[in-house]
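Have a look at the structure below before the remarks.
The values are calculated or read from the model by the stated rules, or taken from the named source; none is laboratory data. Bear in mind that the values here come from a model prediction, so they are computed numbers and not experimental data. Every residue, glycine as well, gets a Cβ built from its backbone with ideal geometry; the counts of neighbours run over all protein chains shown.
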Amino acid sequence: MGLAGGVIGFGVGLPIGLAAAYLVYIRFFAPRRRLQDPVVRPLRELDSETLQTVVPDIPLWVKCPDYERVDWMNKFIFDMWPFLDKAICKIIRSATRPIFDQYIGKYGIESIDFGDLTLGTLPPTLQGIKVYEMQEKELVIEPVIRWASIANVTVNVKVHSFKLSTQLLDLHIMLAPRVTLKPLVPSFPCFANLCVSLMEKPRVDFGFKLLGGDVMAIPILYQFVQEQISKQVAILYHWPKVIQIPILDGARGTFIGETVNSDPWVWHKWIAHATFIQGKECGATKKPIGILRVKVIRAMDLPKMDLLGKSDPYVKLRLSGERLPSKKTSVKMSNLNPEWNEHFRLVVKDPETQVLELQMFDWEKVKMHDKMGMQVIPLRSLAPYESKLFTLDLLRSMNPNDQHNKKNRGKLVVELTFDPFREDNSTPAVISDGEGNVSIKRDIPAGGGVLLVSVENAEDVEGKRHTNPYAVVLFRGEKRETKVIRKARDPRWSEEFQFVVDEAPVDEKIHIQVRSRRRRLLPFHNKESLGHVNINLMDVVNNGRINEKYHLINSRNGKIHVEIKWNTV
């Protein structure tokens, strides 16, 4: 028993003694390192052996032709770094103060504060940057970031009147992130979301001192900590996982930074609310999510607007937040109790905030049409796929303090049904003909939907007499036109058109033509065709979306960029 106890005691005491001796050595006898800037030397002053050792660290813009040099950005960061260092450290102090306060009074902790806090004099550098050309409304860049800092972060913890000091220093980081700005919008800062993911595992190296001893000098612990940090960071941020940071408020189209005050802790909480996405694209908000079916049934007890004691009523309806023209019923001549029973379909983007605006007008042949009354219906009061009948009292305005609203202006009866779009959960079937030809077929759900046609831009269009291009979209007899861009061979429209249909356009085509219109209305050469294209909608229905550039027929080098989406209800 004595021999066994001695062996066990020796086996336990030996590693403890070695660890204690090592800590005593690095605490009292190891040479002290002073934080100082490294020596920077030009390549021409290095010998051949030294050059061979630095070849792996040559910037990517030297080795890879698709990476661009961004010395101007590095120069900008270098000049701004002394001020950025102080600002970032100030934010860190303010953001961590509430976190430190949560632990004061627990576990015998009396105080936690920073001793030294600096990120050093060397800023991060961009070793190169790659920019991808995309047909989407997005900007994708891949910078390579290296940061060999001489940071010094000291945290002092007072426990039962005993002061513990921890120090983080010599932080080295190498990252290869992919930054996606999407969607691009015409509101500052011109993109709605910032999406970040890592394309490779990051390399992180640092020194960590506890009670003055460099804990990271222990070989086994050093390798273990490095592997764990790289692993945990990769689990959170490695592609296809994406961290999405909202920049624009989708409901109001305003910069979120305007709604956050200057308190750094508020900014910290804002960043903390960033969402993590796996296997999904980082996209925009306020996309069409359903169709509102409106049936204008009848009106009752309308006021007399004409001299003969009659009215010629009709109804205009639209959804709030849309720039599309209002839809109108037919005019019922000389009728104070008209019946329409007319159906309309409107595309819904946000049922929580949008309202249906209904306005009653008295038709006039010569003068401006007289407004008879109005009313609104919030879409959030509708349940999906359920029809709901509304009998509305017409008002002069939606101002609750308007005294004219007390006057009887008649009633309007409408029926509403909200049909959300289906989520595409179908699995495509792979079909082989036995000869090596493979095709993919997806089940096409029955029913109608919305065809969204976005005419983005055109390239290299030129007319014989004038080049003032605009695009014309023709589908099922309906015609839509973009705005005219004057004197432009590469016009950009970025306009979207909606076509609500009762069945999927499987065997149909959409015709898009680019024309040029002369400003002066002359009797000759007023309009000119710059090219056209016919797009088969089979691929749109099967895949749900296409985004392509098409060569224009009857054009020398002209192209047009079109995005088409199909949503089924």
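Does the range 103-120 include one or more residues that are modelled with pLDDT under 85 and within 16 Å of A176 (Cα to Cα)? Looking for residues that are modelled with pLDDT under 85 and within 16 Å of A176 (Cα to Cα), one finds none in the range 103-120, hence no. Show the residue pairs meeting these rules: Cβ distance below 9 Å; 6+ apart or different chains; first residue within the range 62-73 and in a helix (DSSP H, G or I); second residue among the hydrophobic types (A, V, I, L, M, F, W, C) and modelled with pLDDT of 85 or more. The qualifying pairs are D71/L126; M73/L126; M73/I129.
This table checks each residue for (1) free of Cβ contacts under 8 Å to residues at least 24 places away in the same chain; (2) in a loop (DSSP other than H, G, I, E, B); (3) within 25 Å of I145 (Cβ to Cβ); (4) among the polar types (S, T, N, Q).
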| position | (1), (2), (3), (4) |
| --- | --- |
| K182 | no, no, yes, no |
| M216 | yes, no, yes, no |
| L221 | yes, no, no, no |
| Q226 | yes, no, yes, yes |
| I229 | no, no, yes, no |
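Note on the range 164-210: residues that are of a type in the set (D, E) and either over 30 Å from D113 (Cα atoms) or in contact with a Ser or Thr (Cβ under 8 Å, 6 or more places away or on another chain) (or both) total 2. Screening the range 237-256 for residues that are at pLDDT 80 or above and part of a loop (DSSP other than H, G, I, E, B) and picking the one that is surrounded by the fewest Cβ atoms within 10 Å (Cβ to Cβ) gives P240. What about P189, is it of a type outside the set (V, I, T), in contact (Cβ under 8 Å) with a residue 40 or more places away in the chain and assigned to a loop (DSSP other than H, G, I, E, B)? Criteria met by P189.
Do we find a residue being part of a strand (DSSP E or B), outside the structural domain of G115 (by TED's automatic domain parsing), touching a residue at least 60 places away in the same chain (Cβ under 8 Å) and touching a Leu at 6+ places or on another chain (Cβ under 9 Å) anywhere in the range 194-213? The answer is yes, given that some residue of the range 194-213 is part of a strand (DSSP E or B), outside the structural domain of G115 (by TED's automatic domain parsing), touching a residue at least 60 places away in the same chain (Cβ under 8 Å) and touching a Leu at 6+ places or on another chain (Cβ under 9 Å).
Here's the yes/no breakdown for (1) at pLDDT 90 or above; (2) surrounded by 14 or more Cβ atoms within 10 Å (Cβ to Cβ); (3) farther than 27 Å from G410 by Cβ; (4) basic (K, R):
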{"site": "A272", "(1), (2), (3), (4)": "no, no, yes, no"}
{"site": "G283", "(1), (2), (3), (4)": "no, yes, yes, no"}
{"site": "L292", "(1), (2), (3), (4)": "yes, yes, no, no"}
{"site": "I297", "(1), (2), (3), (4)": "yes, yes, no, no"}
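Within the range 459-477, the set of residues being surrounded by 17 or more Cβ atoms within 10 Å (Cβ to Cβ) and in a loop (DSSP other than H, G, I, E, B) comprises V461, G463, H466, T467, N468.
Looking across I16, I77, I99, one residue alone is out of contact with any helix residue (DSSP H, G or I) (no Cβ under 9 Å at 6 or more places or on another chain), assigned to a helix (DSSP H, G or I) and modelled with pLDDT of 80 or more. It is I99. Taken together, the residues in the range 139-172 that are under 27 Å from the mean Cα position of the chain (by Cα) and surrounded by 15 or more Cβ atoms within 10 Å (Cβ to Cβ) amount to 7. Taking V204, is it touching a helix residue (DSSP H, G or I) at 6+ places or on another chain (Cβ under 9 Å), within 30 Å of I109 (Cβ to Cβ) and surrounded by 15 or more Cβ atoms within 10 Å (Cβ to Cβ)? Answer is yes for this residue. Could you list, in sequence order, all residues of the range 114-138 that are within 22 Å of W72 (Cβ to Cβ) and over 32 Å from the mean Cα position of the chain (by Cα)? Result: T121, L122. Considered as a group, the residues in the range 97-138 that are among the hydrophobic types (A, V, I, L, M, F, W, C) and closer than 30 Å to S494 by Cβ include one that is surrounded by the most Cβ atoms within 10 Å (Cβ to Cβ), and that residue is I129.
Results for (1) assigned to a loop (DSSP other than H, G, I, E, B); (2) at pLDDT 90 or above; (3) surrounded by 12 or more Cβ atoms within 10 Å (Cβ to Cβ), shown as yes or no for each residue.
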position: T427; (1), (2), (3): yes, no, no
position: G436; (1), (2), (3): yes, no, no
position: K479; (1), (2), (3): no, yes, no
position: V484; (1), (2), (3): yes, yes, yes
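Looking at N542, N536, N554, which one is surrounded by 15 or more Cβ atoms within 10 Å (Cβ to Cβ), over 26 Å from P325 (Cα atoms) and modelled with pLDDT under 95? Result of the check over N542, N536, N554: N542. From the list R93, R41, R33, exactly one residue is out of contact with any Pro (no Cβ under 6 Å at 6 or more places or on another chain) and at pLDDT 85 or above. Which is it? Within the list R93, R41, R33, the selection yields R93. Mind checking which strands (runs of 3 or more DSSP E) fall wholly inside the range 499-569 and carry at least 3 residues that are within 19 Å of E478 (Cα to Cα)? Because the criterion is at least 3 residues that are within 19 Å of E478 (Cα to Cα), the strands (runs of 3 or more DSSP E) in the range 499-569 that meet it are 509-517, 527-536, 559-568. Return yes when L184 is closer than 25 Å to G120 by Cα and either more than 17 Å from the chain's Cα centre (by Cα) or not assigned by TED's automatic domain parsing to the domain that holds I112 (or both) and no when it is not. So L184 does not fit the description; no.
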